[in-house]
Structures are given as C-alpha cells and as structure tokens.
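For reference, the structure is listed below as structure tokens.
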Amino acid sequence: MLIGDCGKMYLYHYFDRSVGPFKNISDLSPKEAKMVLDNIKKNKPNSQCAGRHDKYIEYRIYYENILRDEFRKKGGCIERQVPHYMVVEHSPWLNTWFENVDMIKIPIEEFDLSTVSFTYGDSHPTFSDRVNDGKEYRKKLYTYDEILKVIDKYGFPQDWNDDGKYGPERYIEAQIWSDKIIDKYVAIYNELNN
C-alpha cells in the first residue's frame, strides 16, 4: 500500500480561506446552520456548498447520529458530540469545493486513533438507503486498522473515481471525535496566516 509521502498517511481538511479551518456547521443549532447555508448560497453561489439541498442539515444530523452510534459500538472514544471531517490523502475534487480554497494536512500519527473513525467514501452516501449496490463497505464505519485493510483491497477512491463516474465514493472520509489535535493545527494555521 502506498500512502502519501514516505509511506505516511495524511489527513486533509479543505476549507474556504475567508472563513477559516474546521468551522463545523454541526456545532450550530439547526436554525443557525440553515442561516449559514442560506448565506453561502447567496454570497458564494459558485461554491460546492451552495448546491446543498434544503434538508441537508436534517440529513447531516441523521447521519452523524449513525456515525456516533457505530463508533461507540466499536469502542471509539467520543470527546465531542459531532465529528470534525477530514479525508485520507489529497482529494483533487474536494480541492475545487471553495472559491478561496485552502487546506490543512495532518499526519495520522498526530491523532489518538481511538478518536478517529473512517468511512470508505463520504458518510452520507455510505449510510444512505438510496445507495444499494452491494459493495462491502456500504453501511460500515471503520477503525484505523480496519480502513487500512479496505485501502489495501480497493485503493483510494480519488485514484479511480475522482469524477464520481463509478459511484458516490470519491475519497475516504475520516471523522475526528476530539478537538485536541484540531485546535493545535487551527492555532498554527491562524498564527501563520494573521
């Protein structure tokens, strides 16, 4: 398995530079989150987020409840109610999501792996009842050791499906259930960019 530079795995977070990193809409009330989405649709109509449907917030809450329950079943350490989202290795597609895109890249060794879960593909289609293609990684959440085996078997979706032609999986999503390392990298980012 070839992962990143020198065989290391990196997690990436993409964001709009004008907003800043790890601004998690799930930390807001549903009403506040809807206002943020409406503002994005109005002021950043060319961003990927502007195309989200009206029920996006409700769906997100629904899928985050599944992720939390599944991670708890696997003995995961949940230090925050909703995860921060990252992806395994660089995603060319996610790099186009924002008008003023920036990213933070963190080596996996920085994290307490008991606070990180993974889905092979975005968690929404992974757990959606609308996606019923029988692939073994549907409706499944993985630990770090488990996702390594899936990567060994299928590779990185961005290498064979960056355009989404072969299904909804375009990257491997990492759910970070702690603020510790996130806060560290936000502070570094802010120091370097202020």
Check: Roughly how much of Tyr14 is accessible, in Å² to the nearest 10, using a 1.4 Å probe?
Finding: 20
Next item on the list: Take the solvent-accessible surface of the protein heavy atoms, probe 1.4 Å, and return the percent of it on the chain that carbon and sulfur atoms account for.
Entry: 51
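Which value, in debye to the nearest 20, gives the size of the charge dipole of the chain about its Cα centre, when Lys and Arg are +1 and Asp and Glu are -1 at the Cβ?
On the way: 28 positive and 32 negative charges, 112 e Å.
The dipole of the chain has a size of about 540 debye.
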Checklist line | Probe 1.4 Å, accessible area per residue of segment 108-191, Å² | finding: 47
Next item on the list: Give the accessible area for His90 in Å² (nearest 10); use a 1.4 Å probe, count only protein heavy atoms, and leave out ligands, DNA and RNA.
Entry: 80
Item checked: Solvent-accessible surface (1.4 angstrom probe) belonging to Trp93, in square angstrom, nearest 10 -> 60
Item checked: Rough spin-label spacing in nm, given labels placed 7 Å along Cα→Cβ, for Ser18 and Ala187 -> 2.9
Next item on the list: Determine the gain in length on full extension of the stretch Tyr59-Leu28; use 0.36 nm per residue of separation and subtract their C-alpha separation, reporting nm with one decimal.
Entry: 9.7 nm
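The values are calculated or read from the model by the stated rules, or taken from the named source; none is laboratory data. This is a predicted model, so every value here is computed, not measured. Every residue, glycine as well, gets a Cβ built from its backbone with ideal geometry; the counts of neighbours run over all protein chains shown. The area values use the complete protein model at the heavy-atom level, side chains included, leaving out ligands, DNA and RNA. Shrake-Rupley method; radii C 1.70, N 1.55, O 1.52, S 1.80 Å.
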